[in-house]
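Okay, structure first, notes after.
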Number of protein chains: 4
Amino acid sequence: MNELSAQPLAGEPAARVLVAGASGFTGALAAAIVWGHPNLQLVAITSRSDAGKRLDSLYSRYRVPLELTELDLDRLEGIDAAIVAYPHGAAAPTVAALRAQGILVVDLSADFRLREMETYERWYGEHGAPDLFGTGVYGLTEIYREQLRGAKLVATPGCYPTASVLALAPLAERGLLADIVVNAMQGTSGYGRSSDDLVHFSAMTENAFPYKTEGHRHRPEIEQELAALGSPAPVTFVPHLLPLDQGELATCFAQTTAPVAKEEVQALYRERYADEPFVTVLDGPPNLRAVRDTNECHVYVTVEERGRVIAFAAIDNIWKGASGQGVQNLNLMLGLDETAGLV
Amino acid sequence: MNELSAQPLAGEPAARVLVAGASGFTGALAAAIVWGHPNLQLVAITSRSDAGKRLDSLYSRYRVPLELTELDLDRLEGIDAAIVAYPHGAAAPTVAALRAQGILVVDLSADFRLREMETYERWYGEHGAPDLFGTGVYGLTEIYREQLRGAKLVATPGCYPTASVLALAPLAERGLLADIVVNAMQGTSGYGRSSDDLVHFSAMTENAFPYKTEGHRHRPEIEQELAALGSPAPVTFVPHLLPLDQGELATCFAQTTAPVAKEEVQALYRERYADEPFVTVLDGPPNLRAVRDTNECHVYVTVEERGRVIAFAAIDNIWKGASGQGVQNLNLMLGLDETAGLV
Amino acid sequence: MNELSAQPLAGEPAARVLVAGASGFTGALAAAIVWGHPNLQLVAITSRSDAGKRLDSLYSRYRVPLELTELDLDRLEGIDAAIVAYPHGAAAPTVAALRAQGILVVDLSADFRLREMETYERWYGEHGAPDLFGTGVYGLTEIYREQLRGAKLVATPGCYPTASVLALAPLAERGLLADIVVNAMQGTSGYGRSSDDLVHFSAMTENAFPYKTEGHRHRPEIEQELAALGSPAPVTFVPHLLPLDQGELATCFAQTTAPVAKEEVQALYRERYADEPFVTVLDGPPNLRAVRDTNECHVYVTVEERGRVIAFAAIDNIWKGASGQGVQNLNLMLGLDETAGLV
Amino acid sequence: MNELSAQPLAGEPAARVLVAGASGFTGALAAAIVWGHPNLQLVAITSRSDAGKRLDSLYSRYRVPLELTELDLDRLEGIDAAIVAYPHGAAAPTVAALRAQGILVVDLSADFRLREMETYERWYGEHGAPDLFGTGVYGLTEIYREQLRGAKLVATPGCYPTASVLALAPLAERGLLADIVVNAMQGTSGYGRSSDDLVHFSAMTENAFPYKTEGHRHRPEIEQELAALGSPAPVTFVPHLLPLDQGELATCFAQTTAPVAKEEVQALYRERYADEPFVTVLDGPPNLRAVRDTNECHVYVTVEERGRVIAFAAIDNIWKGASGQGVQNLNLMLGLDETAGLV
């Protein structure tokens, strides 16, 4: 533990928090949010590849002056909760080890999002902790809030499922969705820190492109959640990469099982999200800058002349699409105000 | 006429060309392409707002050292052809005046694209030259090549219809398209030069958003052309603005009237476009950088597991989506090599 | 006054604040900072051109739900302080009218920065309130902190002088500066909201250029302040515009009046800024992302082999370079914690 | 050799060309320029790391359909000339091996730029072909044109020296330069293709920063060349990285050995570069977009009130700053028109 540089806090913290995998984009942001959180104490940040470096040397804008260490599962005394920002597949064994020591876990990977092992294996390969599979709560806060209160293991949704399901949930809950197309786009932070020709500035500036056009693993996750809400509809899903850092837009096209009128649908959305602290239903199309560096989700819905619903949701893919929502859920797990530490 | 600074050319030009409205983004590019064209002589460039300025003072990278003048319809002697880059609605009267003097016209506006006056009036208002309405050839070169040879008035398609129809034409021609969703995105050059808060660099960087979500006037144009090809299917169309200059992507989702297999569709596309000088069928998804500053259209098609066709087309919105295609058509009108002066 | 939508605040505010000219980039940010300030109440925001609009319709990311009104100097009862974000020249008369009613004023324009009327007139033209000229405190907080406590009128420094003087102050205070070159660069927010071909996204992306190469009016301001600190040295100053929104870097090259050693100069800087809440002396060159959306100034100094000092300062040009520093000073004027409401 | 896909050419080529190291940014561009060159035939492109891939799969916009192979020094029969785009240090042995077979070499690395071995070793380490050191011609075309005609080995200058020396040469040749500061900035293509956190789009967008502030190895090269021209003045040099792909600006500040007047200096520049095909002396400050994707150098010079000269040069760092100038020189080496194949 990094006692000397542990974060000063007024009063006793609600939890002492570890962020594992803190040198990647979402892990670093999770560390930054916990660092600035009024009720949480960031006591350790770990990284295999960058152990020994200070986080503010990698991400100066986050201003977290802690040193990254290698995770040592034998020295976790005093840790109450962990946010795990590991790659899919690699997360599960560490999550299991942390849970075995009674530590609350918010997992940012896909390892505990899906409910069917067969689906998991098709898209991600063998699971690293099959005994735990199916035991986590799916952390789409606006849908599963009650189950999240007091949960021990939470699987943070993928960024695309977060935006897509929030864009469609009011209709899905009424069983109104028939056939769905999700055209999604996000910035390069969604690609992760791992260096690659594709995300070199010289390759990405003045560029944009679709990817995973033969099938993206967020599709079964979106279908799973829409079905759980009441609309077991097939989803066509195509993501695109844009020349910007943080931001994600889901443009969703849906045929409905019964005719719907524009005003009616817009009223339904306003009502559904009226009390949500982080979802705002707009009167016109959203833009990515308005939600950047926030945990906000901006939603707009309309119905075109011939009856197709078009629903948009804009989020910051590493905030509401990952680490922000992770902390939102951690707040609920700990009985804190859901919005604490978030903007 | 700007005789002194008229463009030097080896040999007699095939045509002496005027570009009207040359201070906007598409007009300036049209002037630049004509300036560099081996068979055309750029003899005049006009602009109301920027008369008296040299084009290279506005667009230094195009290196066209001519002075912009006000268009004087009484002094057009010696002009063989004109490219008109006026706003929709404003173009028609000027096009009519030019045609009355026997000048070949490539119109970049929407004024002669639609075939139903009722549709035109709904989306654009009163038409400025109703006698000429319906007399132009729709300048989607890959579809109307034969009619374009020797045509006198050509309506250059909108950028979104160009990309969308090229993405879907091989299926449309077989009558295979049923229900269509076009999710399109383009850079800020598509917004035009007219200054506006929205396209200030400070507003657009790190941003992206859908617009015209309640109906965009390119939709009836896309439907008109798909119907003309054999697939009178309804189209849902949503455009987005991206933080880049030149580039446009149409991501098209189509249900088919009969089941289609991926390999079959891909073969169909390769065959359909095999001889097209500016359409390349790729083996994977396109990207915008590959077509920037070119007249190329990159197409990719796939069929997802449950049978929906996903077809992509990437173009440079001011080249193949406007001025480049305009010159491609002018080449045909003049009996020149279709690719002359283009890259 | 916009009573109904005035900002809710826990407890009695330290001041009720007006932001005049709140629809421009710096005015809007000033309004946003005051809106989020724990001790200030934003009671009115004014704009001539955008009166009637809500600020969050212009700048959604700032989330300030107040309506812009026209400034009415006859209805300012209850206003304790004003931040004036008017163009140079236009600010002075309004500042005078506000001061005449006893309202504290933070002026973001250049109208009260210079000490010689002759210099003002050369660079800005006739002054709009000559009686007040010379009565304001120059609001470079780190230099004039004591005079700012309880001041009635504060002239917020230009963005370039803020960065340049902070980069050079420790040496200027010792009288060590001889000959100075400041090469500065900033993002397009520094150009202002006023639309213009130059800052259209299509013109600015993949571009950068020097401007005002024959003389920029921030040069006399930099020279005035370095002289006031003890180094009346000539300054060569060239600014550049970069393809980014917020951020400014001053790269300063200085000959010294006596030889200096690198370690010595670096120690001097660390000592000079040790207690400054918003100035951080780095161990290596700064970058703009680290200070974006903050009131921070990141400084680095080195001495090259042959003895020339190279000093860098990075700020967010609309935060520490304008509105952030404006609020920092307003805090001092009101006896509040200097850092209140700032990040 | 890649005979099957060798480039078709009208008539006998002036030279059959190999590009070694063609998978990096400058090597790929060199290959693309040669591919489109009317008198050169691109017969082989090599790469260690990407052997087996086609160049257009890495750089689709260059449209070079050749396959990268590993360089085999035993199978170079038929190669007349080579452009070597290897890292500094690695280039020398390969250059020596190519020269030993009589192949003309344009080297893009720093290995043959410097004239003092001691200087080379200080900045680059041990030299890989000391026998050849000092035998190449420094390929700043506008300075060494006569020596370049018929040269066998040409060292292409660094991008910063190219811009800096072209900005200052007219004064340097008169022995007028005393004390020089070069503030340079370039886009991320200058950083090279090698992936790195720094040039990830997410790190670089909305960012800019100085680097190598304690000494950059282009400084001795600039000093060497200014001295050779007649002005052995010390140079302070600080480079910056900008959020754009291709483009470089040198902003040069110079004290002069004798007073100079602005009009006089501007006339001197116009005269000096009057016949240069790729250097344009502007009437105002240059911008990077105007030279992108061209071999142009845009120069502007002014003299400030107190007599300091400020000279600007804008180039595309991978064109005139590397591969474009490389081909310009190859044209001279082969007796071709200097501008052939270039824009």
Give me the pairs, please: first residue somewhere in segment A:60-89 and within 23 Å of A:His127 (Cβ to Cβ) and touching a residue at least 24 places away in the same chain (Cβ under 8 Å), second residue anywhere and part of a loop (DSSP other than H, G, I, E, B) and of a type in the set (Lys, Arg), beta-carbon distance under 9 Å, and either six or more positions apart or on two chains. A:Leu71/A:Arg48; A:His88/A:Arg217
Among the numbered conditions (1) more than 17 Å from the chain's Cα centre (by Cα); (2) in a strand (DSSP E or B), tell me where A:Arg306 comes up short. (2)
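I'd like the full set of residues that are among the charged types (D, E, K, R) and either farther than 25 Å from B:Leu268 by Cα or open to solvent by 10 Å² or more (accessible area, probe 1.4 Å) (or both), limited to segment B:311-343.
B:Asp337, B:Glu338
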Every pair of residues 6+ apart whose Cβ atoms lie under 7 Å, when the first sits in segment C:171-189 and is at positive phi while the second is open to solvent by less than 10 Å² (accessible area, probe 1.4 Å): C:Gly175/C:Ser231
Please count how many residues of segment C:111-136 are among the hydroxyl-bearing types (Ser, Thr, Tyr) and touching a residue at least 60 places away in the same chain (Cβ under 8 Å). 2
Can you tell me which residue among B:Pro210, B:Pro243 is touching a His at 6+ places or on another chain (Cβ under 7 Å) and either within 7 Å of another protein chain (Cβ to nearest Cβ) or not aliphatic (A, V, I, L, M) (or both)? B:Pro210
Output for segment A:234-283, where each listed residue is among the hydroxyl-bearing types (Ser, Thr, Tyr) and within 30 Å of D:Glu206 (Cβ to Cβ): A:Thr251, A:Thr280
Pair list, Cβ < 8 Å and 6+ apart or interchain, from segment C:138-166 residues that are free of Cβ contacts under 8 Å to residues at least 60 places away in the same chain to residues that are among the basic types (Lys, Arg) and part of a loop (DSSP other than H, G, I, E, B): C:Ala155/C:Arg113
Residue under evaluation A:Arg217, criteria (1) more than 9 Å from chain D (Cβ to nearest Cβ); (2) open to solvent by 10 Å² or more (accessible area, probe 1.4 Å); (3) touching a strand residue (DSSP E or B) at 6+ places or on another chain (Cβ under 9 Å), criterion not met: (3)
Going by the conditions given, is C:Glu305 under 19 Å from C:Val182 (Cα atoms) and among the acidic types (Asp, Glu)? no
Selection from segment C:293-326 of residues within 13 Å of chain D (Cβ to nearest Cβ) and charged (D, E, K, R) yields C:Asp293, C:Glu304, C:Glu305, C:Arg306, C:Arg308, C:Asp316
For segment C:131-150: of the residues being among the β-branched types (Val, Ile, Thr) and under 13 Å from C:Gly326 (Cα atoms), which is surrounded by the most Cβ atoms within 10 Å (Cβ to Cβ)? C:Thr141
Checking D:Thr257 against (1) among the β-branched types (Val, Ile, Thr); (2) more than 9 Å from every other protein chain (Cβ to nearest Cβ); (3) open to solvent by less than 20 Å² (accessible area, probe 1.4 Å), only one condition comes out false. Which one? (3)
Of the residues A:Leu29, A:Leu42, which is more than 18 Å from the chain's Cα centre (by Cα), open to solvent by less than 50 Å² (accessible area, probe 1.4 Å) and modelled with pLDDT of 95 or more? A:Leu42
With within 14 Å of chain A (Cβ to nearest Cβ) and either crowded, with 16+ Cβ neighbours inside 10 Å or of a type in the set (Lys, Arg) (or both) as the only criterion, which of C:Leu55, C:Leu68 stands out? C:Leu55
Which condition number does A:Ala167 fail, the rest of (1) open to solvent by less than 10 Å² (accessible area, probe 1.4 Å); (2) out of contact with any Asp or Glu (no Cβ under 9 Å at 6 or more places or on another chain); (3) more than 27 Å from A:Leu342 (Cβ to Cβ) being met? (3)
Of everything in segment D:276-292, what is more than 7 Å from chain C (Cβ to nearest Cβ), assigned to a loop (DSSP other than H, G, I, E, B) and surrounded by 19 or more Cβ atoms within 10 Å (Cβ to Cβ)? Give them in sequence order. D:Phe278, D:Ala290, D:Val291
Output yes when any residue across segment C:299-309 is open to solvent by 10 Å² or more (accessible area, probe 1.4 Å), more than 22 Å from D:Ser202 (Cα to Cα) and of a type in the set (Gly, Ala, Ser), and no when none is. yes
Answer yes or no: is there a residue in segment D:183-203 that is over 25 Å from A:Phe201 (Cβ atoms) and in contact with a helix residue (DSSP H, G or I) (Cβ under 6 Å, 6 or more places away or on another chain). no
Residue set B:Glu206, B:Glu264, B:Glu223; condition more than 23 Å from B:Leu282 (Cα to Cα), open to solvent by 10 Å² or more (accessible area, probe 1.4 Å) and at pLDDT 95 or above; output residue B:Glu223
Reported set for segment A:173-202 where residues are of a type in the set (Gly, Ala, Ser) and surrounded by fewer than 24 Cβ atoms within 10 Å (Cβ to Cβ) is A:Gly175, A:Ala178, A:Gly192, A:Ser194, A:Ser195
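Which members of segment C:190-203 meet the condition of being of a type in the set (Phe, Trp, Tyr) and without any contact (Cβ under 8 Å) to a residue 24 or more places away in the chain? If you could, list the steps in order and put the result at the bottom.
Of all residues in segment C:190-203, those of a type in the set (Phe, Trp, Tyr) come to C:191, C:201.
Passing the criteria: only C:Phe201.
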Select from segment A:192-240 the residues that are within 22 Å of A:Ala85 (Cα to Cα) and touching a Gly at 6+ places or on another chain (Cβ under 6 Å) and list them in ascending order. A:Arg193, A:His218, A:Glu221
Would you confirm whether any residue within segment A:242-263 is under 30 Å from A:Gly36 (Cα atoms) and among the acidic types (Asp, Glu)? yes
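The values are calculated or read from the model by the stated rules, or taken from the named source; none is laboratory data. Treat the numbers as computed from the prediction; the structure is a model and nothing was measured. Counting neighbours? That spans all protein chains shown, and the Cβs are built from the backbone with ideal geometry, glycine included. Side chains included, ligands, DNA and RNA excluded: accessible areas come from the protein's heavy atoms. Shrake-Rupley method; radii C 1.70, N 1.55, O 1.52, S 1.80 Å.
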